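To start, the structure under review is shown below, and the notes come after it.
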Amino acid sequence: MTEIDLFRKGRQVELERTNPLSGPAVEPDPAWFEQSSNEPPFARHVHTTPLHLVTSVESRTNDWTVWNGYTVPNVHTHLAAEYDALHSNAGLSDISPLVKMRISGKEAVAYLDHLLTMPVGRMKQHDTRRAFMCAGNGQLVTEGILFRLDETEFRLITRSKHLDWFLDAGIGFGASVDDISGTLAGLSLSGPRAPLVLAEAGLERSADLARGKACWEEPGRMPTYVSRTGLLGESQFELWIDPEDAPLLWNRLLAAGKHHAIRPVGEAARNVARLEQGVFLEGRDFASAFASSSTLVPATPYDLGLGTFVKLDRATFNGQAALRRLVTSGAGRAPVAFTIAGNEADQLGAIYAGGRKAGRITSHTWSPALHTHIALGLMDIQGLGTSGAYALDVLTFEGVAEKRTAHFAKRPLLAAGMANLTE
Amino acid sequence: MTDEALQYDAIVIGAGHNGLIAASYLAKAGRKTVLLDSSSYIGGAARTAEISPDYLVSTAAHLFSAFPRKIEKDLKLAKHGLIWAARDMPTVALDLQGRHITLTGKGKQDTSVMAKHEPRDAENWQDFSRRMSKFALFLSKYLGEALPDLGNDVSSYEGPLAALQLEKMGAKDLQSFLRFLPSSMSSVLDRYFEGKLLKGALALDAVIGHHAGPYSPGSAFSYIYKQGLAKLGQGLSYPVGGAGAFAEVLGEAAEALGVRIRVDSHVEQILVEDGKAVGVRLTDGTVFHAPVILSSVAPKATCLELVGARHFETDTVRHLSRIRSSGAAAKINLALEGLPTFENFTDTEYGGRLLIAPSVMAVERSFIAAKRNELPIDPVMEMVIPTYHDPRLAPMGHHVLSIMVPNVPYDVAGGWDERRDEFVKKVIDTIEMYAPDLTAKIIAGEMLTPPEIESKFVLSGGHWHHADMSFDQLLAFRPTPGMANYASSLDGLYFCGAGCHPGGGLTGLPGRLAAEAVLAQRKTR
């Protein structure tokens with residue numbers, strides 16, 4: 001099936017539907033997902049996720065963005081509405097572009113201990129944990145979430161793809177490492193009413209999950225692994241499912257969430273929400289140690305304030321020697337968050353402390369909930385604490401930099417309890 | 001199960017000449033040292049054995065081009081019986097018409113030889129040898145000492161680069177040097193000379209022991225690197241009794257200094273506790289303990305097989321597993337009932353290092369064949385007649401011929417079992433073009449293919465230097481960036497073999513420098 005065919009089918013589906021929030025859920029035809037064997041290589045100009053068809057049904061703006069090479073919605077209908085859904089009701093998003101690895105075998109634990117900055121330790125079945133892996137120079141290769149599926153099988157979801165690194169790290173270990181990205185779709189359900197939506201969709205056990213836990217469910221006889229994880233805070237759930245079942249689950253959740261004003265949410269709104277959580281993101285705030293970027297620089301776990309995720313005194317692991325040196329030298333950067341007066345959305349650049357350049361803003365946005373401009377940045381440790389107020393470079397279109405006053409803010413900028421602020 | 005008797009200050013794995021020398025220096029500094037080797041003799045690739053009864057030859061390595069006098073003195077090798085049978089051996093480029101070129105390395109003499117042979121090249125010879133000598137001298141400063149560990153961090157290269165003091169060379173020589181580094185030997189030779197034979201011999205000198213041809217970029221650097229090493233030595237030499245006798249001398253010197261040498265002791269595992277190398281376990285289960293372990297086994301095998309990849313960070317494992325060691329050679333040793341007759345040979349020539357490399361292209365073709373896992377059609381080679389200097393190696397009047405054929409594929413197409421005889425015949429036929437009575441005089445012979453060299457001397461890939469000696473695997477990048485300076489990233493584990501700076505050859509330098517690094521880094525036991 002070519003891209004054009006897919007598009008036509010999509011159009012038909014769209015015509016059948018009236019309003020995504022009130023219309024009947026469409027059961028997708030499995031034929032839509034069949035791969036044609038005579039398709040020439042590189043024929044697909046758009047690399048799509050298993051949810052592409054159902055997300056494109058929802059797209060009213062045709063505003064897409066690229067994430068890990070996949071085309072995903074940036075905005076479905078309206079940014080403000082999607083943002084509100086995340087904060088007040090429930091938002092459903094496609095997170096399939098995340099990289100999924102399966103790590104299994106007798107020495108899976110030993111392998112992960114060697115790969116990650118924190119040993120597996122006493123992780124129990126269906127426990128999850130944020131996972132960080134460093135290169136030899138101590139900089140982050142990528143970050144993600146580790147799931148323990150059973151004694152010898154783990155799933156590692158990472159932001160960027162580093163299969164060769166994972167394989168090389170496995171030399172000498174009795175563990176097998178597989179990239180299962182293509183066999184697993186991901187959905188994110190976030191917002192204060194997310195548990196209610198889950199319960200209504202037949203995922204009662206998941207609705208009661210504690211943060212950081214995961215469990216198996218079978219809504220409509222579709223095996224689904226649900227975890228209460230993610231960067232958007234307390235009320236986020238992530239659902240991992242077979243690509244063929246993914247569109248069905250998507251529609252099931254949308255239908256179940258109808259009374260809770262659920263909305264498909266694009267990447268733009270999710271990015272605002274994660275900035276409010278004060279979360280630094282690989283690819284937006286810092287680059288992978290192996291990436292090449294003109295705008296981003298790599299960061300060590302300490303630069304990002306993630307020291308608690310590094311356990312140094314144990315058997316050799318990647319980055320150990322360099323991280324040890326960093327701890328002794330005390331050099332590095334610190335993650336900072338700012339609120340900035342005024343509501344002009346300019347491009348922010350360097351951070352000045354006491355007249356001296358002391359860091360960089362890595363990303364920023366207008367936060368409707370906080371009614372202020374917020375920014376995340378990385379500052380040299382020496383530049384910290386010299387004064388309460390900082391000056392930020394503002395790059396205007398004329399290329400002339402002006403300064404704006406910024407104030408330190410605690411992360412998360414938007415506390416979980418304030419989620420209903422906009423209501 | 002710590003047995004007091006098996007507790008040492010240092011364990012050295014592999015009793016090749018570097019292992020012997022490293023152990024000796026440690027013992028000399030008062031460290032209780034044990035030297036373990038998997039075979040039942042010492043010396044590693046420095047070995048003398050019989051081709052057939054009464055005909056002895058250096059089985060593998062057969063010439064000393066850069067053995068430093070310092071080690072000879074430090075370890076009192078003369079006292080233990082080291083006698084050189086030949087010193088400053090000349091190099092002879094064999095010519096089919098008998099117009100051989102004999103180079104002694106002495107400037108004036110060589111120029112006059114060149115003047116006779118190829119007058120046009122004589123002038124340039126002076127210029128060429130002056131410049132090479134200058135570059136070699138510059139390099140040699142860095143070959144006889146440990147180099148700073150540059151690590152993986154590019155920003156830290158500035159200091160060490162400045163320390164090289166390149167500017168002291170003078171603008172013209174520096175320009176020429178920088179041009180030289182990435183050049184191929186053929187392009188350098190084309191700049192200076194016209195004579196095919198001279199160029200062929202120099203091209204062979206540049207690539208022998210490497211997986212490279214004279215047209216390969218970087219082959220010019222290999223040439224000056226070798227010349228640089230030679231500056232630290234005492235000229236081309238051959239010890240009485242061959243390489244094996246030399247190893248015996250080293251063994252006696254080591255034992256005199258208090259080293260306990262234990263052969264038939266195959267180290268199966270280097271033991272690690274709390275991120276530190278703490279001992280070794282032999283295949284028979286015996287465990288030796290020491291806070292310092294030096295391995296003269298190739299660094300890749302040391303880390304990935306003896307220690308295990310899990311004790312190294314992935315960057316390091318990547319570096320190690322990508323070490324190239326593809327420059328294999330074959331060795332043929334012949335027992336002869338008399339000297340083979342080479343046209344126009346005098347005493348000097350018979351006692352020299354004989355090169356068959358009629359042109360740059362001939363050398364390149366043998367490399368091209370090796371790249372394709374094929375046998376060379378016209379092999380190029382280096383030969384020595386050790387019995388000419390050391391008649392005791394064979395019955396009176398009889399001789400042995402030691403032949404080293406570079407650029408021989410490890411995995412020859414069709415397999416070595418099938419093609420062994422064909423290869424030997426090719427080599428002998430080639431020599432016969434220069435010495436027609438060779439076959440008539442052969443009594444016995446032996447051949448070591450690269451896989452046999454690998455299994456016999458525990459050299460991975462059959463590589464004499466443990467790892468290719470190309471620019472990216474030399475100096476502060478040897479064995480890998482971040483692990484130069486002899487210490488591995490595993491606390492307590494050191495390298496002391498040809499796989500570390502300054503590389504392979506019978507120089508003893510890796511052994512000596514490794515021991516010095518250990519003594520400097522671990523002042524207390």
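The values are calculated or read from the model by the stated rules, or taken from the named source; none is laboratory data. Predicted model only: the values in this text are computed from it and were never measured. Quick reminder, even Gly has a Cβ in these numbers, built from the backbone with ideal geometry, and neighbours come from all protein chains shown.
Remarks
- Listed by first and then second residue, the pairs linking a residue in the stretch B:79-93 that is farther than 18 Å from residue B:388 by Cβ to a residue that is modelled with pLDDT under 95 and of a type in the set (Asp, Glu), with Cβ atoms under 7 Å apart and 6 or more places separating them unless they lie on different chains, are B:82/B:72.
- Here is the figure for the stretch A:331-352: residues that are surrounded by 21 or more Cβ atoms within 10 Å (Cβ to Cβ) and modelled with pLDDT under 80 total 1.
- Taking the stretch A:174-211 as the range and being in contact with an Asp or Glu (Cβ under 7 Å, 6 or more places away or on another chain) and more than 18 Å from residue A:246 (Cβ to Cβ) as the test, the residues that pass are A:174, A:175, A:205, A:211.
- Residues of the stretch B:410-424 satisfying the condition of being assigned to a loop (DSSP other than H, G, I, E, B) and surrounded by fewer than 17 Cβ atoms within 10 Å (Cβ to Cβ): B:411, B:413, B:414, B:415
- The lone exception for residue A:178 - which of (1) closer than 30 Å to residue B:309 by Cα; (2) part of a loop (DSSP other than H, G, I, E, B) it fails: (2)
- Residue selected from the stretch A:115-141 under the condition more than 12 Å from every other protein chain (Cβ to nearest Cβ) and on the phi > 0 side of the Ramachandran plot, by the criterion surrounded by the fewest Cβ atoms within 10 Å (Cβ to Cβ): A:121
- Index of the failed condition, residue B:130 passing every other in (1) loosely packed, with under 13 Cβ neighbours inside 10 Å; (2) outside any helix (DSSP H, G or I); (3) of a type in the set (D, E, K, R): (2)
- Single residue of A:146, A:112 found to be at pLDDT 95 or above, within 14 Å of chain B (Cβ to nearest Cβ) and crowded, with 21+ Cβ neighbours inside 10 Å: A:112
- Subset of the stretch A:149-190 [within 14 Å of chain B (Cβ to nearest Cβ) and among the aromatic types (Phe, Trp, Tyr)]: A:165, A:166, A:173
- Listing of strands (runs of 3 or more DSSP E) fully contained in the stretch B:1-70 that carry 3 or more residues being closer than 22 Å to residue B:405 by Cβ and in contact with a strand residue (DSSP E or B) (Cβ under 8 Å, 6 or more places away or on another chain): B:48-52, B:55-58
- So residue B:511, is it buried (at least 24 other Cβ atoms within 10 Å of the Cβ) and touching a Cys at 6+ places or on another chain (Cβ under 7 Å): yes
- Taken over the stretch B:105-133, residues that are of a type in the set (Lys, Arg) and either in contact (Cβ under 8 Å) with a residue 40 or more places away in the chain or touching a Leu at 6+ places or on another chain (Cβ under 6 Å) (or both) amount to 2.
- Hey, residue B:380 under 30 Å from residue B:18 (Cα atoms), among the β-branched types (Val, Ile, Thr) and surrounded by fewer than 20 Cβ atoms within 10 Å (Cβ to Cβ) or not: no
- Residue count for the stretch B:425-467, restricted to those that are under 28 Å from residue B:44 (Cα atoms) and outside any helix (DSSP H, G or I): 15
- Within the stretch B:297-334, if we keep just the residues that are at the interface with chain A (Cβ under 10 Å from one of its Cβ atoms) and among the aliphatic types (A, V, I, L, M), the residue that is surrounded by the fewest Cβ atoms within 10 Å (Cβ to Cβ) turns out to be B:304.
- Failed item in (1) surrounded by fewer than 23 Cβ atoms within 10 Å (Cβ to Cβ); (2) farther than 17 Å from residue B:314 by Cβ, with residue A:194 passing the rest: (1)
- Search result, residues across the stretch B:468-486 that are within 12 Å of chain A (Cβ to nearest Cβ) and surrounded by fewer than 23 Cβ atoms within 10 Å (Cβ to Cβ): B:481, B:482
- Index of the failed condition, residue B:358 passing every other in (1) crowded, with 21+ Cβ neighbours inside 10 Å; (2) touching a strand residue (DSSP E or B) at 6+ places or on another chain (Cβ under 6 Å): (2)
- For the stretch B:69-101, the set of residues classified as more than 23 Å from the chain's Cα centre (by Cα) and of a type in the set (Val, Ile, Thr) consists of B:101 only.
- Counting only strands (runs of 3 or more DSSP E) wholly contained in the stretch A:306-387, the ones carrying 2 or more residues that are closer than 15 Å to residue A:285 by Cα, in contact with a strand residue (DSSP E or B) (Cβ under 9 Å, 6 or more places away or on another chain) and without any contact (Cβ under 8 Å) to a residue 40 or more places away in the chain occupy A:356-367.
- Qualifying strands (runs of 3 or more DSSP E) (wholly inside the stretch B:182-293; at least 2 residues being more than 27 Å from the chain's Cα centre (by Cα) and basic (Lys, Arg)): B:276-282
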